[in-house]
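Read the structure below first, then the notes.
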Amino acid sequence: MKKTILAAVAVVGLMLSQAQTKSPSIIPIPASLVSASGTFVLTNQVGISVTNQEAAKQVANQLAQHLAQSTGFKFLVNNALQETGIRLQVLAKPNENLGKEGYLLKVTEKTVTISANQAAGLFYGMQTLFQLMPKEIESKTIQKGIAWTIPCVSIDDQPRFGWRGLMLDVSRHFFTKAEVKKFMDDMVRF
């Protein structure tokens, strides 16, 4: 009897420890994801810094707008990379493993850094960043009382295929123009 109870306690303890170290769920599954302890806390003091490239600045502005609509924070976009905050950088020396759309995403307690060979990689890294945040980040209105935290991770990802697709069958179901646009936006996110 004692052995049965001890075994049950051990199983429950193992399940709880696995639940605490569970990796974040990201779609599609990244090529490499390493979780670390700690979180980055998004506050109204966080700035976004970006390398001096026009396409990268556009991605940084998209990020600032998307974060602002649900958090209510004002994010300043700077041209000089800073020590803390969110950093988007186009690599000076291209990483051949990343290709045109790959990215490196590293979240520490002080910084969130997305690095890529081109702005397309920064864009896809930004989509992954949104998946790491609380689900309320997708809201079109300001959400109050949310702890805007991002778990510390290191992600290295690039597309496995040169093409991606999603089927939209409108012959059997009728969609409005707005619904089709939302479908396409969701396709880009994933």
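The values are calculated or read from the model by the stated rules, or taken from the named source; none is laboratory data. Model, not experiment: these values are computed from the prediction. Don't worry about glycine lacking a Cβ; one is built from the backbone with ideal geometry, like all the others, and counts go over all protein chains shown. Accessible surface is based on the protein model in full, side chains and every heavy atom, while ligands, DNA and RNA are left aside. Shrake-Rupley method; radii C 1.70, N 1.55, O 1.52, S 1.80 Å.
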Query raised in the report: Between residues in segment 19-30 that are closer than 11 Å to residue 190 by Cα and surrounded by 10 or more Cβ atoms within 10 Å (Cβ to Cβ) and residues that are modelled with pLDDT under 85 and among the hydrophobic types (A, V, I, L, M, F, W, C), which pairs lie under 6 Å by C-beta distance while being six or more apart or on different chains?
Result: 27/190
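Which residue out of 149, 176 is polar (S, T, N, Q) and within 27 Å of residue 133 (Cβ to Cβ)?
Details: 176 fails: within 27 Å of residue 133 (Cβ to Cβ).
Step by step, each of 149, 176 is checked, and only 149 is polar (S, T, N, Q) and within 27 Å of residue 133 (Cβ to Cβ).
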Query raised in the report: Taking the stated definitions as given, is residue 72 over 23 Å from residue 28 (Cβ atoms), in contact with a Lys or Arg (Cβ under 9 Å, 6 or more places away or on another chain) and either basic (Lys, Arg) or open to solvent by less than 70 Å² (accessible area, probe 1.4 Å) (or both)?
Result: yes
Query raised in the report: In segment 69-89, what residues are modelled with pLDDT under 95 and aliphatic (A, V, I, L, M)?
Result: 76, 77, 80, 81
Query raised in the report: When only residues in segment 144-190 that are among the polar types (S, T, N, Q) and touching a strand residue (DSSP E or B) at 6+ places or on another chain (Cβ under 6 Å) count, which is nearest to residue 33 (Cα to Cα)?
Result: 154
